[in-house]
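Shown next, in structure tokens, is the structure this report addresses.
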Amino acid sequence: MEPQRFGMLIRLRPEKREEYLELHAAVWPAVEQTMLDANMRNFTIFLHDDLLFGYYEYVGEDHAADQARIAADPETRRWWTFTDPCQESLAEPGSGHWWVPMREVWHLADPAARRGGQPS
């Protein structure tokens, strides 16, 4: 099964830029492990001016349950007490999102994956 891809966007507060970058230079191992246990792979955050773009691949079978598992993890919740003040949500108020979800428009698939993993 091919992973599901997720993109999301949030604003980085300019006055918190260095703090946020320092936090992400050494993400807590327990937070990373929780994400891996919740079937997230290739999580990446990109920065452009004051916008953060996040991307990850989901390889599980119940994205909502795995996301709830992350949100319930005490160490992740503690991590968010440091990272959330660095961010300004762009999501619609009342949407339940902190990072605004993005719609995938196009994807260039790995040629090996299109051939069922067989080399050409």
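What follows is calculated from the coordinates using simple rules that are stated; it is not laboratory data. A quick note: this is a predicted structure, and the numbers were derived from the prediction, not measured. Note: ideal-geometry Cβ built from the backbone for every residue, glycine included; neighbour counts use all protein chains shown.
Some points to look at:
- Listed by position, the strands (runs of 3 or more DSSP E) inside region 1-65 whose residues that are out of contact with any His (no Cβ under 8 Å at 6 or more places or on another chain) and without any contact (Cβ under 8 Å) to a residue 24 or more places away in the chain number at least 2 are 40-48.
- Residues (of a type in the set (V, I, T) and over 13 Å from the mean Cα position of the chain (by Cα)) located in region 42-74: V59
- Selection of region 33-53 for residues being under 15 Å from R11 (Cα atoms) and surrounded by fewer than 16 Cβ atoms within 10 Å (Cβ to Cβ) yields F46, L47, H48, D49, D50, L51, F53.
- P29 falls short on exactly one of the conditions (1) over 13 Å from the mean Cα position of the chain (by Cα); (2) more than 24 Å from R13 (Cα to Cα); (3) surrounded by 14 or more Cβ atoms within 10 Å (Cβ to Cβ), and that condition is (3).
- For region 61-113, residues that are under 15 Å from E32 (Cα atoms) and surrounded by 10 or more Cβ atoms within 10 Å (Cβ to Cβ) total 14.
- In this structure, R77 qualifies as without any contact (Cβ under 8 Å) to a residue 24 or more places away in the chain, under 17 Å from the mean Cα position of the chain (by Cα), on the phi < 0 side of the Ramachandran plot and part of a helix (DSSP H, G or I).
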